[in-house]
1. Among the strands (runs of 3 or more DSSP E) lying completely within the stretch 203-303, list those that include at least 2 residues that are touching a residue at least 60 places away in the same chain (Cβ under 8 Å).
2. Give the residue that is farthest from Val225 (Cα to Cα), with candidates limited to residues of the stretch 254-276 that are buried (at least 22 other Cβ atoms within 10 Å of the Cβ) and in contact with a helix residue (DSSP H, G or I) (Cβ under 7 Å, 6 or more places away or on another chain).
3. Taking only the stretch 168-202 into account, find how many residues are surrounded by fewer than 16 Cβ atoms within 10 Å (Cβ to Cβ) and either in the same structural domain as Glu323 (by TED's automatic domain parsing) or outside any loop (DSSP other than H, G, I, E, B) (or both).
4. Only one residue in Ala80, Ala99 is part of a helix (DSSP H, G or I), at pLDDT below 80 and outside the structural domain of Ala298 (by TED's automatic domain parsing), so which one is that?
Amino acid sequence: MPERILNAATKMSELTTAKVGEIQNVTRTAKILAMNALIEASRAGEAGRGFAVVASEVNTISQRVTSIATELQGLFADEARDLRVTAQTVRGSRLSDLALYVIELIDRNLYERSCDVRWWATDSAVVDGCIKADDLEAVSWASKRLGVILDSYTVYLDLWIADRHGRVIANGRPERYGVKGVNVSSAAWFKQAMATRNGEEYAVADVETNKELGGKSVATYATAVRSGGEVDGEVIGAMGIFFDWESQAESVVNSVSLPAEERERTTIMIVDRDCKVIASSDHLARAGEFLSLRIDGAKKGAYLLDDESIVAYALTPGFETYEGLGWRGVIVQKPTQSSSIRQVRSGANNIGELVQR
């Protein structure tokens, strides 16, 4: 609907300009004829006096018609401008709602990850593995248990258990990722997990590449493993779960339902708290690039670029006990009459330059 209003306003403005131009051409011709008539009337002397009066009236009417046409053109231009503003407002509101939908969808997904890690850290096999870190049978059973979990939860690349010193003692996919014995004591997720005050707390890290997992981008969730699996039990190790960010985030940004024509000129993104792109429906908007969003402290909004592309955004509202990480959903949509976002990007080093224009 906003696009139809914009198109209607544009057509109305173009049609008005064209028709007023035609009227002005007609009145211009009439003025010339009137002027020629006055010249001929003056040559005719007394006999041409009556004709001169008529010619003068024609000239006056032509000037009045020109004035009315110019006035109408101004009125139509104002109406067209108001329609465009209304359409852009509606368009911006709709796209910012879609941006909110995107970030809410990922938040709900990640909320479940925060629940998973706290639940699985209480599993008896996980607890026993930490207690009996040097017992091959206990560690093997913990690894098998993690493998069973991974068979049901396909959104993870791997699940790790580390002892209190940060040594990985078991993981769910040892045949794919040989991480047993890797020291993660300096990893932020491990240190934050070990610092949790009870079993209700968890740690979460921003999306980052993990070299031990084939250089894949992951969202890491972690919590302490506690004695007896009790909420207030002694910390005996840590559990880290690695959400397959690349494939899952791609499915989220491509889940927004848009007409084919509109999707071709729309880029849907997720950015972190620093406005770094961490997911995008347009592969040319590579992860790691930064957007220069004009947010002005607003949680949700939209604005136009010079080429009438619209940028809409929405801040994460969090979900249930998951507060979110300050991420935003962002949508950049080109107008129908302009080139694709890929063509516009061709003159910029990154998508941040596109949004900053």
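1. Hits in the stretch 203-303: 216-226, 235-244, 266-271, 277-280.
2. Among those that are buried (at least 22 other Cβ atoms within 10 Å of the Cβ) and in contact with a helix residue (DSSP H, G or I) (Cβ under 7 Å, 6 or more places away or on another chain), it is Thr267.
3. 3
4. None of the other options fit; the residue is Ala80.
The values are calculated or read from the model by the stated rules, or taken from the named source; none is laboratory data. Just so we're clear, the structure is a prediction, and the values are computed from it rather than from any experiment. Cβ coordinates were reconstructed from backbone atoms using ideal geometry, including for glycine residues, and neighbour counts include every protein chain displayed.
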